[in-house]
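These notes concern the structure reproduced below.
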Amino acid sequence: MIRIEGLSFRYGEGDFQLQIPELSVEAGTTTAFIGPSGSGKTTLLNLIAGIIKPETGRVETRDVEVSALPDPERRRFRVTTVGLVFQEFELLEYLSVLDNILLPYRIHSALDLDDSVRDRARSLAERVGISDKLARYPRRLSQGERQRVAVCRAVLTDPPLLLTDEPTGNLDPVNRERVLDILFDYVTESGTTLVSVTHDHEILARFGRVVDFRDFHVWGEGDDTGGGA
Amino acid sequence: MTDTLYLAWRYLAFHRVKTAILVAAITLIVFLPVGLRVIVNQSSRQLTARAEATPLVIGAKGSPTELTLNTLYFSSDVPARTTYAVASEVTATDLARAIPMYVRFRVQGQPIVGTTLEYFEFRGLELAAGRQIAVLGEAVLGSRAAEMLGVGPGDYVVSSPESVFDIAGVYPLRMPVVGVLDFSDSADDDAVFVDVKTAWVIEGLGHGHQDLSRPEAAAGVLRREGNVVVGNAAVMQFNEITPDNIDSFHFHGDLSGFPLTAVVVVPPDQRSSALLQGRYQTSETNQVVSPSEVMDKLLGTILTVEKFVIAGAVTVGMATLATAFLVFALSLRLRRRERETLFKIGGSRTAVATVMASEIVAVLAVGVLSALVLTFLTQRYGDVIIRALIR
């Protein structure tokens with residue numbers, strides 16, 4: 001599903017440098033990236049999603065070398081192949097819950113917003129228990145409800161790859177479990193590949209594989225790969 | 001594109017107060033100088049046209065502007081009174097036609113213009129309904145006055161007391177409306193025309209009351225001294241002139257001493273005009289003014305003021321525009337994360353910028369459009385506004 005080879009990335013002229021000689025994630029698996037702040041976990045998610053490009057090396061997702069795609073193609077790839085969930089939910093305050101879920105279809109011309117998409121959005125909302133809040137604005141939702149909206153938005157396009165960045169970082173234990181249940185149920189049912197950045201060691205048991213960015217030690221299913229972050 | 005506009009619309013609708021303030025600011029920036037220009041153009045055209053159609057006005061010494069505005073536009077600032085004798089004098093010279101004007105009273109804010117039938121001929125006013133004034137106490141209304149008061153031929157209008165606390169002052173007179181004039185797009189449309197003598201009756205210089213020689217009026221007799229009957233306060237005065245009581249109406253004193261606010265003078269030629277002006281230039285009690293000269297002076301002042309106002313409006317406009325620009329800039333800055341989110345989930349930087357640019361363009365467009373609508377309304381109803389301001 002994801003293959004990374006000889007990757008090197010640096011923000012401008014800063015000290016931070018991410019180097020990953022090799023890393024692969026198999027399709028349909030669940031992987032957690034852990035490590036201290038600033039170790040490059042989120043940066044790697046952005047590289048996999050094609051939001052940023054590496055200085056050197058390859059990032060390949062579903063046999064597509066994302067890092068080599070021109071900007072429009074990378075955006076098209078992102079909107080059709082990747083679902084993103086952020087720690088701060090990143091919902092638009094001026095859009096209703098339904099419009100927030102439909103946002104990928106409004107922001108990219110490659111996707112056609114029709115009734116079937118709206119029906120799917122409603123169905124997802126019902127599944128995560130927010131169907132009665134579709135007309136509300138995000139500020140009138142609880143943290144847990146907001147993250148559920150963000151999950152719906154991320155999976156609306158039925159992406160084969162779901163990237164989540166601290167999806168439970170702002171949630172209380174009850175909502176954390178609920179959101180994780182939703183994510184893992186979805187992943188199990190759809191066969192979607194899940195890669196998640198987290199600081200929460202309590203949830204690591206749910207993942208099939210954990211990649212530690214501290215020493216770039218990888219354990220769990222699959223082979224270890226060396227490198228440094 | 002539809003989705004981009006939808007997102008922009010949702011943003012503006014969600015922040016409706018901020019949007020409304022920005023739209024109002026843009027509207028004012030555009031409308032203030034443009035609207036002012038329109039008003040000044042219309043007022044100068046209107047003031048000049050009516051002034052040029054009124055050759056000379058004679059009135060008591062005082063403010064020429066007040067005299068002209070009251071005579072031409074029936075403004076509520078009543079000039080010092082001259083007398084009916086002036087109208088007779090002008091007529092006696094054979095140098096011009098003299099049209100007496102007494103513009104002091106109101107009917108619910110509409111000016112009562114006491115004059116003669118010559119005024120209608122002079123202004124070219126035609127009847128749209130009913131007939132002309134025939135006897136004392138009748139009124140003919142301008143088209144807008146009829147509309148404002150909701151009356152027509154067969155109805156009545158009542159003069160308004162100048163002060164409700166002045167119990168010894170002017171009594172209201174109930175007047176039948178006998179005609180309504182055609183729309184003339186002038187101050188005449190707002191007027192309630194009566195015979196000048198009716199205006200004097202409203203002032204209390206003429207009145208009608210019970211015939212004290214009749215037995216039913218005995219209670220109103222204070223004393224009898226030969227043929228002279230002196231009435232007391234119980235004598236019933238008529239507040240309406242009807243065919244039954246019109247004969248009881250009479251004036252005390254010499255009519256030539258009765259008040260007028262002005263006499264419109266219409267000389268047939270320049271020579272007569274010059275002679276008349278020369279005659280009144282030396283008068284100690286009266287003045288003769290050329291309305292077009294008075295209006296030219298007034299317009300000169302208005303244009304000077306307009307320049308200052310426009311300069312001020314432009315300065316304020318620039319400051320407001322800079323503030324609006326700052327609001328947009330700060331808003332864009334505050335929305336950096338939103339832009340990043342849209343970009344991360346697949347929106348191009350151009351599409352994201354288009355959403356935000358659409359919001360700015362929409363605010364500017366609605367602001368300019370509102371200003372254009374206001375300008376159109378100002379143009380459409382400018383005459384009414386100007387007349388209301390003058391009154």
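Across peptide A:179-188, the average count of Cβ atoms from other chains found within 10 Å of a residue's Cβ is 0.
With charges set only on the Cβ (+1 for Lys and Arg, -1 for Asp and Glu), what does the dipole of chain B come to about its Cα centre, in debye to the nearest 20?
So the dipole magnitude of chain B works out to roughly 2560 debye.
Loop-located trypsin sites (Lys or Arg not before Pro) in the stretch B:69-151 (DSSP state not H, G, I, E or B) with no more than 14 neighbouring Cβ atoms inside 10 Å: B:131. For chain B, the tally of Lys pairs with Cα-Cα distances below 28 Å comes to 4, considering only residues 8 or more apart or on different chains. A helix-only calculation puts the protein assembly as shown at -14500 deg cm²/dmol for mean residue ellipticity at 222 nm, using -39500 (n - 2.57) for each DSSP H run of at least four residues, averaged over all residues.
Label chain A by shape, choosing from rounded, prolate and oblate, from the square roots a ≥ b ≥ c of the eigenvalues of the Cα gyration tensor; if a/c is under 1.5 it is rounded, and otherwise prolate applies when a/b is larger than b/c, oblate when it is not.
On the way: a/c = 1.83, a/b = 1.43, b/c = 1.28.
Since a/c reaches 1.5 and a/b is larger than b/c, the shape of chain A is classed as prolate.
Counting Cβ atoms of other protein chains within 10 Å of each Cβ in B:344-356 and taking the mean gives 6. Across the stretch B:263-270, rounded Karplus estimates of 3J(HN,Hα) from the backbone phi angles (6.51 cos²θ - 1.76 cosθ + 1.60, θ = phi - 60°) give 10, 7, 10, 10, x, x, 8, 5 Hz, Gly and Pro being marked x. A simple rule links phi to the HN-Hα coupling: the Karplus curve 6.51 cos²θ - 1.76 cosθ + 1.60 with θ = phi - 60°, which for the stretch B:6-20 gives 4, 4, 4, 4, 4, 4, 5, 5, 5, 9, 5, 5, 4, 4, 4 Hz, with x for Gly and Pro. Counting only Cβ charges, +1 for Lys and Arg and -1 for Asp and Glu, the dipole size of the stretch B:1-101 around its Cα centre is about 460 debye. Across B:66, B:225, B:340, mean-square fluctuation computed from a Gaussian network of chain B (C-alpha pairs under 10 Å connected) peaks at B:225.
Scanning chain B for chymotrypsin sites (Phe, Trp or Tyr not before Pro) lying in DSSP loops with no more than 15 further Cβ atoms inside 10 Å, the longest uninterrupted stretch between such sites is B:184-391. Counting only protein heavy atoms and rolling a 1.4 Å probe, how much accessible area do B and A lose on contact, total for both sides, in Å² to 100? Accessible area lost upon association: around 2200 Å².
Report the trypsin sites (Lys or Arg not before Pro) located in the stretch B:319-379 that are in a DSSP loop and have at most 10 other Cβ atoms inside 10 Å of their Cβ, or state none.
Numbers: sites: B:333, B:335, B:336, B:337, B:339, B:344, B:349; in loops: B:335.
Hits after loop and neighbour filter: nothing returned.
Taking the charge dipole of chain B about its Cα centre, with +1 at Lys and Arg Cβ atoms and -1 at Asp and Glu Cβ atoms, the residue from B:226, B:249, B:318 reaching farthest to the positive side is B:318. Against the longest principal axis of chain B, how steep is helix B:64-73, in degrees 0 to 90 to the nearest 10, with axes from Cα atoms? Rounded to the nearest ten degrees, it is 90. Taking 17 Å as the straight-line reach from the Cα of residue A:133, the aspartates and glutamates in range (excluding those fewer than 8 positions away in the same chain) are A:93, A:99, A:119, A:145. Ignoring ligands, DNA and RNA, please state the percent of accessible area on the stretch A:2-220 from carbon and sulfur, probe 1.4 Å. Taking all protein chains in place, the stretch A:2-220 shows 43 percent carbon and sulfur surface. Please name which of A:162, A:117, A:47 has its Cα lying farthest along the dipole of the stretch A:2-220 towards the positive end, using unit charges on Cβ (Lys, Arg +1; Asp, Glu -1) and the Cα centre as origin. Positive-end residue among those listed: A:117.
If you take the Cα centroid of the stretch B:266-341 and the Cα centroid of the stretch B:352-391, the two points sit 19 Å apart.
What average number of partner chain Cβ atoms lie no more than 10 Å from the Cβ of the residues making up A:87-96?
Per-residue shielding by partner chains comes out at 4.
The HN-Hα couplings worked out from phi for the stretch B:21-31 by the Karplus form 6.51 cos²θ - 1.76 cosθ + 1.60 (θ = phi - 60°) are 5, 5, 4, 4, 5, 5, 4, 5, 4, 7, 6 Hz, whole numbers, x standing for Gly and Pro.
Element breakdown for chain B at a 1.4 angstrom probe: carbon and sulfur atoms account for 61% of the accessible area. Charge dipole (Cα centre; +1 on Lys/Arg Cβ, -1 on Asp/Glu Cβ; no other charges) of the protein assembly as shown amounts to roughly 660 debye. In the stretch B:1-32, the residues that give up 50 Å² or more of accessible area when the other protein chains are added, compared with the chain on its own (1.4 Å probe), are B:3, B:6, B:7, B:10, B:14.
In chain B, the longest principal axis of the Cα atoms and the axis of helix B:291-334 are about 30 degrees apart.
The values are calculated or read from the model by the stated rules, or taken from the named source; none is laboratory data. From a predicted model like this one, the values you see are computed outputs, not experimental measurements. When we count neighbours, we look across all protein chains shown, and the Cβ atoms used for this are built from the backbone with ideal geometry, even at glycine. Please note that ligands, DNA and RNA were not included when accessible areas were found on the heavy atoms of the full protein model with its side chains. Shrake-Rupley method; radii C 1.70, N 1.55, O 1.52, S 1.80 Å.
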